[in-house]
Structure formats: structure tokens, C-alpha cells
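S.K.: The structure that follows is given in the form of C-alpha cells.
The values are calculated or read from the model by the stated rules, or taken from the named source; none is laboratory data. Just so you know, these numbers come straight off a predicted model, no measurement behind them. Backbone-built Cβ (ideal geometry, glycine too); neighbour counts: all protein chains shown.
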């Protein structure tokens, strides 16, 4: 479970000048390698989402930062992809792409997780809301012979 420290440290590190970020992370994480890895994964996800923010698309995730939302169990982050029409689910601990939800018709406006971290709600600019059951999506993809695990930054299927 996330106690909010990773997210708090992430926000402060994100606003720190790049030249001071390393020193800040060292002091804030105080030798906690797991915490440091989570913060660094959030910073990488934020950098990946940055190109989308520069394009002016989408809304904000509930984590208080545009384009992504941390799962309630603190293990995953849902990130709006570069096209602004799909969502990538990334492991916070390993930065491994776990799922690439497909691009759809409208821009993604917001993301929300279910309390058990097994479903993601995606709202789009044309008013559609999709709820993705990640367990079912993985089972269907496996049955169809389609990979759900994607490298970070890989295009989503159909996108």
C-alpha cells in the first residue's frame, strides 16, 4: 500500500530545478530504495506524459498531476499515451508496461481507479466513459494471442 510519501516526494522533486533533483531525492528518500524507485518511476511517467501536456490535450488525473493516476494499492500508474487517446498501465516498481488500453475516438479527459486497483475508468472528450477490468482484459488478450504487456512508450494496439 502507498502511504502517500512517494507521491509527496514526487511533487516536490518535480518542482525542483533539475540540477537539484538528485540531491533532493537522496535526502527525501533517506536510503529507502523501494521508495526511491517508486518516485523515479513517477518522474519517468511524468516525463513521458509531458509531450502530451505540451500538445494541450486531456484533463487531469486525480493524483493532482495531469495525465496520470496512481492506483490505490500504489503498484501501478495509468498514463494517458502520447496520442492522448489511449492509456498505458505501468508498474511503479519496475517501470514495466503492463497494459496498453487501445486508442479510441476521443481524447482522454480523466482517469480513475476502482478501490481494489483492478479496474480503470476512462472518460473521453465526446462524453464516453469506459471501465476496463484489467483481469478480464488480460484474459481476453491472452485468449486472442495479443500481448497486454508493452514496453513503456510503445504504441497501444490500434494506435
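S.K.: Checking residue 151 against (1) touching a helix residue (DSSP H, G or I) at 6+ places or on another chain (Cβ under 9 Å); (2) modelled with pLDDT under 75; (3) within 25 Å of residue 46 (Cβ to Cβ), which single condition isn't satisfied?
M.R.: Exception for residue 151: condition (1).
S.K.: To continue, here is another question. Quick one: how many residues across region 74-84 are part of a loop (DSSP other than H, G, I, E, B) and buried (at least 24 other Cβ atoms within 10 Å of the Cβ)?
M.R.: First, pick out the residues of region 74-84 that are part of a loop (DSSP other than H, G, I, E, B): 74-75, 81-84.
Going one step further and asking which of them are buried (at least 24 other Cβ atoms within 10 Å of the Cβ), we end up with 81.
Here the count works out to 1.
S.K.: Determine if region 59-70 includes at least one residue that is assigned to a helix (DSSP H, G or I), at pLDDT below 90, crowded, with 21+ Cβ neighbours inside 10 Å and within 14 Å of the chain's Cα centre (by Cα).
M.R.: Within region 59-70 (the criterion being assigned to a helix (DSSP H, G or I), at pLDDT below 90, crowded, with 21+ Cβ neighbours inside 10 Å and within 14 Å of the chain's Cα centre (by Cα)), the answer is no, since none of the residues qualifies.
S.K.: Considering 121, 100, which residue is assigned to a strand (DSSP E or B) and within 11 Å of the chain's Cα centre (by Cα)? Show your work before the answer.
M.R.: Details: 121 fails: within 11 Å of the chain's Cα centre (by Cα).
100 is the lone residue from the list that is assigned to a strand (DSSP E or B) and within 11 Å of the chain's Cα centre (by Cα).
S.K.: For the structure I just gave you, tell me whether residue 159 is in contact with a strand residue (DSSP E or B) (Cβ under 7 Å, 6 or more places away or on another chain), in a loop (DSSP other than H, G, I, E, B), modelled with pLDDT under 90 and surrounded by fewer than 19 Cβ atoms within 10 Å (Cβ to Cβ).
M.R.: Values: in contact with a strand residue (DSSP E or B) (Cβ under 7 Å, 6 or more places away or on another chain): no; in a loop (DSSP other than H, G, I, E, B): yes; modelled with pLDDT under 90: yes; surrounded by fewer than 19 Cβ atoms within 10 Å (Cβ to Cβ): yes.
Taking the combined requirement at face value, the residue does not satisfy it.
S.K.: Only one of these conditions is not met by residue 55: (1) surrounded by fewer than 16 Cβ atoms within 10 Å (Cβ to Cβ); (2) closer than 13 Å to residue 107 by Cα; (3) at pLDDT 85 or above. Which number is it?
M.R.: (3)
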